[in-house]
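Below is one structure; the comments refer to it alone.
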Amino acid sequence: LAVLLQLTQLWTVLGGLTPAAPVGPAGVRADAQGDALFGYLEALQFTSSELQNFLALQCVYDGEAVRSLFALATPLVPLLLLIACGVAEVFSPGLGIRVGLKMLTVLFIGGASGSAQLLGCQQNDGAGTPLKEFAFRPLFPHERCDEALWVDRIGWATAICYGLVIPCFLGFLFGKQNVVMQKAKTVLMHTTCDDGNEGTEGRVKVWLQGLDSKQSFKDATLCKRLAAAAAACVAIDVKGRAVVELQKDAVSVTPTTNISRTSEELGVESLVFGADVQEVEVLQRHMMAQMLMERSTLEEETDRVMLGAKQLFCKYAKCENVWMEVCTKVAAAALVSVVAVDNLWLCIAITLGMGLVIGLAQPFAQPQMNVLQSVCFACLALAAVGFRHHMALARLALAVPLVLLVLQLRRPDSPEMLALRLQQDLEAK
């Protein structure tokens, strides 16, 4: 749902690329602003301006005062809520950060868009004639662009918060997890396969080694990490049932069925570039084991930052992939700014670039999420072209991710999710 919400919010932001169209005979605009679907989806930005339009407050109270108040509230309210989350964090460790990150998912794009609109200036009239000295602020029509400079100060202050301060905080989370997750990253997983003896064919034995020796962990920690390694082996190497034996310093996995993996489970790279199947399986096993060990480390952490950001970290295959959260927020803020200056090609470059980065990096824990997120950004590039040239393309760009999501629901499971369930079951036993 968060991915689709981000898609619709950025889709409405790209609506600003639509060329101004004259008002028709029925009083309806022929561009995106007059499209009914656009009007409904614009409400999903959850901005104060949309609340004002929904309640028609300008008809009840002084229109100028209401318009000015809600124009300022659109970028300021999300920042004030984040400050409130910071206060809550002082009294309840982890709560403020957790709630603040969820608020960013919902309110970040709307707030950044409102910040860019504060800095806007209407230079031409509806016919394209320059207004010259009569240029005015779209959100403050009673003020000319060279007046009310305090609006510019608020606009630039909030723009710095959305474009710099918030991404820097997410960058801080990236640095924090790098330090905390050193415990999991310094663990080496060793495996041996028994393919010769009858009754033990296909058995995989796994043991772990720390910086000093393979016994450099506390007993409880060692058991959890061995369970994570066993879950990774079962999810990658075994199709069917398996027997897991936890020993003193190792764990063995013996499959009870002999079913080979299908080629589609080995990834696109092994099919396109002809990678060695055994090497691909070993890499997948080690990457999945690291993911499960990081999950186990997160469960043991008591640091307030890690407690608050645990749900965010668990969204990614590796905690260090939280850099993608920084890129996404920076890309959204950049897209808002680029739309404000009406640069189509830069919008296409940003959206296609993000789609390509996500498709190649595969940062999310769920493979379906990687595909959906990558397709969403690619469709945003199509939407940018559609808003500029033909509205049907923009609607198509909105429909394609929904169709993809429906197709993904037919196969919602993945080896990663299976490994997480196996890890929970093994730790419980």
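Of note:
- Conditions (1) open to solvent by 30 Å² or more (accessible area, probe 1.4 Å); (2) among the polar types (S, T, N, Q); (3) at pLDDT 75 or above; number of the one not met by Asn53: (3)
- Selection status of Gln311, on the phi < 0 side of the Ramachandran plot and polar (S, T, N, Q): yes
- Failed item, numbered, when Ala65 is tested on (1) without any contact (Cβ under 8 Å) to a residue 40 or more places away in the chain; (2) touching a Cys at 6+ places or on another chain (Cβ under 9 Å); (3) among the small types (Gly, Ala, Ser): (2)
- Gly63 being open to solvent by less than 50 Å² (accessible area, probe 1.4 Å), modelled with pLDDT of 85 or more and either more than 29 Å from His390 (Cα to Cα) or in contact with a helix residue (DSSP H, G or I) (Cβ under 7 Å, 6 or more places away or on another chain) (or both): no
- For Ala392, the requirement of being within 18 Å of Leu1 (Cα to Cα), small (Gly, Ala, Ser) and at pLDDT 85 or above is not met.
- Test for Val336: is it crowded, with 19+ Cβ neighbours inside 10 Å and touching a Ser or Thr at 6+ places or on another chain (Cβ under 8 Å): yes
- All helices (runs of 4 or more DSSP H) inside the stretch 147-187 with 2 or more residues being among the basic types (Lys, Arg): 182-185
- Residue tally, condition among the β-branched types (Val, Ile, Thr), within 19 Å of the chain's Cα centre (by Cα) and open to solvent by 60 Å² or more (accessible area, probe 1.4 Å), over the stretch 158-193: 1
- When residues in the stretch 79-101 are screened for being farther than 20 Å from Leu173 by Cα and under 20 Å from the mean Cα position of the chain (by Cα), 0 of them pass.
- Those helices (runs of 4 or more DSSP H) of the stretch 310-368 in which 1 or more residues are touching an Asp or Glu at 6+ places or on another chain (Cβ under 7 Å) occupy 310-314.
- The stretch 369-392: number of residues that are touching a Pro at 6+ places or on another chain (Cβ under 9 Å) and outside any helix (DSSP H, G or I): 0
- Selection count, the stretch 117-138, where residues are in contact with a Phe, Trp or Tyr (Cβ under 9 Å, 6 or more places away or on another chain) and buried (at least 19 other Cβ atoms within 10 Å of the Cβ): 1
- So Gly114, is it surrounded by 15 or more Cβ atoms within 10 Å (Cβ to Cβ) and in contact with a Ser or Thr (Cβ under 7 Å, 6 or more places away or on another chain): yes
- Subset tally (residues that are among the small types (Gly, Ala, Ser) and without any contact (Cβ under 8 Å) to a residue 12 or more places away in the chain) for the stretch 365-407: 3
- Taking the stretch 408-420 as the range and being assigned to a helix (DSSP H, G or I), free of Cβ contacts under 8 Å to residues at least 60 places away in the same chain and not hydrophobic (A, V, I, L, M, F, W, C) as the test, only Gln408 passes.
- Number of the exception - Ala84 against (1) closer than 23 Å to Ala331 by Cβ; (2) at pLDDT 80 or above: (1)
- Counted residues, the stretch 413-426 - those being farther than 14 Å from Ala365 by Cβ and either among the β-branched types (Val, Ile, Thr) or open to solvent by 80 Å² or more (accessible area, probe 1.4 Å) (or both): 2
- Residues located in the stretch 274-312, provided they are modelled with pLDDT under 85, under 30 Å from Val99 (Cβ atoms) and among the polar types (S, T, N, Q): Gln290, Ser296, Thr297, Thr302
- Residues (farther than 23 Å from Leu226 by Cα and open to solvent by 50 Å² or more (accessible area, probe 1.4 Å)) located in the stretch 276-310: Asp276, Val277, Arg304, Leu307
- Restricted to the stretch 356-376, and to residues there that are closer than 29 Å to Ala116 by Cα and within 12 Å of the chain's Cα centre (by Cα), the residue that is surrounded by the most Cβ atoms within 10 Å (Cβ to Cβ) is Cys376.
The values are calculated or read from the model by the stated rules, or taken from the named source; none is laboratory data. Just so we're clear, the structure is a prediction, and the values are computed from it rather than from any experiment. Please note: Cβ atoms are built from the backbone with ideal geometry, for glycine as well, and neighbour counts cover all protein chains shown. Side chains are part of the model used for accessible areas, which takes the heavy atoms of the whole protein and leaves out ligands, DNA and RNA. Shrake-Rupley method; radii C 1.70, N 1.55, O 1.52, S 1.80 Å.
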